[in-house]
Ligand code: SAH
Ligand code: SF4
Ligand code: F3S
């Protein structure tokens, strides 16, 4: 499928469908609603790029839209429930506004169970496609406008075709770049290997060309995306590692910051750890999801490292780069988690001292191995969740307060959510910071003095230069 000619053929085909819609359809106001992770956010950027080519403009309210696309996430039950709620509302809307088209894509559509449920309960859905064939959207829309009741297309495994699409990036100064697709890890609680297919890496040259182009059009910060970036390149014949890739990107003119998501603790190499010291553009920030602190639970999760392995890696990272900010994903209430296991999680988070964290209550995912294990009662899960936050947040606050008085470089991203006389951005360590500023600051890297901090963000003052 990576054959160039085939991709060219497909692209010609896509262009024909795009032209068809551009020329023949008049009602073109679209809204794309995105759930889930950065993978989905970036997929939505490809979707809006296609829509723009077809002549769509974008609106913020479903009531104003002619086409609504829900890009869905399956990772937890709550994420799926949100989508079902939105589909219910769209069903009501469609009974009043008959012409509105509803499309559903993303991870939920890769799962047969949720796909069937959507088809059965929401006959108002016109189009369904998956995570591996976004490029099919113009064709599916054409079929739907041609009168087809449900246009549906799913592809099990990642192909190399979506890469040839552009992306309508939310910000031009910071960009997501896919470096690999899929996941082979099969952590016992996780749905992602079933929704995103098998792991494949994009060729280094293709990635580097994309980033060079982005740099030329103003991108200062790239975030390399993959479910498990440390196993980048495993499908290549030569030994070109993830650290090698970052090294190449580090040389690209115009790129000032490099980030990546997500690395698996079992695969993080010494080579990558040393990159945090040796490569000046690689940010001082590492998201290294631990999931749990008990080696017994980690084994049941199929994570392939112990509490001690993880702590050893963290020690090494801190020794190589004492300024690094650490982040994690942690889950409570995994099946069979005892009080003692949970205390191991609390012990680990105290030892690591994370700067930031994403915390979850285990959610049963049908047909994953953990779904069949003995479940922890809801009440216990919730109580542990609260206790975990009580330990995490004061540590985060302490780490943020240590920044008070320091001068930091901030990539300014947007106006602040609460007050539009303020702007907000990220420090090198990925800390959110707000300070007085204006439109001209957005997209620039500015020097800011930190004045205050809490568990979640910093407040600063611009240093006039
Ligand atoms: N590839 C990434 C994770 C993607 S999913 C990685 O390995 O780090 C993001 C996070 O969702 C996971 O790290 C995990 O903490 C959480 N998660 C995944 N499945 C879950 C489930 N069934 N219930 C609760 N949280 C879950
Ligand atoms: Fe899920 Fe594990 Fe793959 Fe991450 S590494 S996506 S948690 S299976
Ligand atoms: Fe991401 Fe959710 Fe899919 S976390 S990979 S959008 S299941």
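The values are calculated or read from the model by the stated rules, or taken from the named source; none is laboratory data. Because the structure is a prediction, the values reported are computed rather than measured. Don't worry about glycine lacking a Cβ; one is built from the backbone with ideal geometry, like all the others, and counts go over all protein chains shown.
For residues that are without any contact (Cβ under 8 Å) to a residue 60 or more places away in the chain and in a helix (DSSP H, G or I), tally how many sit in segment 113-124. Number satisfying all stated conditions: 8. Against the test of being more than 19 Å from the chain's Cα centre (by Cα), outside any strand (DSSP E or B), buried (at least 17 other Cβ atoms within 10 Å of the Cβ) and within 16 Å of ligand 1 (Cβ to nearest atom), the options 144, 188 yield a single qualifying residue, 188.
Taking the criterion of being surrounded by 16 or more Cβ atoms within 10 Å (Cβ to Cβ) and within 16 Å of ligand 2 (Cβ to nearest atom), the residues of segment 294-320 that qualify are 297, 298, 300, 301, 303, 305, 310, 313. The single condition among (1) more than 22 Å from residue 132 (Cβ to Cβ); (2) assigned to a helix (DSSP H, G or I) that residue 207 does not meet is (1). Residue selection: residue 27 satisfies the criterion of being farther than 18 Å from residue 134 by Cβ and either in contact (Cβ under 8 Å) with a residue 24 or more places away in the chain or assigned by TED's automatic domain parsing to the domain that holds residue 146 (or both). One residue stands out in segment 409-457 among those that are assigned to a strand (DSSP E or B) and touching a helix residue (DSSP H, G or I) at 6+ places or on another chain (Cβ under 6 Å): the one that is surrounded by the fewest Cβ atoms within 10 Å (Cβ to Cβ), namely 453. Residue 335 - would you say it is under 21 Å from residue 77 (Cβ atoms), in the same structural domain as residue 188 (by TED's automatic domain parsing), without any contact (Cβ under 8 Å) to a residue 12 or more places away in the chain and away from ligand 3 (no atom under 16 Å from the Cβ)? Here the answer is no, as residue 335 does not meet what is asked. Does segment 178-185 include one or more residues that are crowded, with 18+ Cβ neighbours inside 10 Å, over 20 Å from residue 34 (Cβ atoms) and away from ligand 1 (no atom under 16 Å from the Cβ)? Checked against the condition, which is being crowded, with 18+ Cβ neighbours inside 10 Å, over 20 Å from residue 34 (Cβ atoms) and away from ligand 1 (no atom under 16 Å from the Cβ), segment 178-185 yields no hits at all. Looking across segment 222-256, the residues that are in contact with a strand residue (DSSP E or B) (Cβ under 8 Å, 6 or more places away or on another chain), more than 15 Å from residue 200 (Cβ to Cβ) and surrounded by fewer than 21 Cβ atoms within 10 Å (Cβ to Cβ) come down to 223, 250, 255, 256. Put simply, of 330, 317 the only residue that is touching a helix residue (DSSP H, G or I) at 6+ places or on another chain (Cβ under 7 Å), within 17 Å of residue 387 (Cβ to Cβ) and at pLDDT 95 or above is 330.
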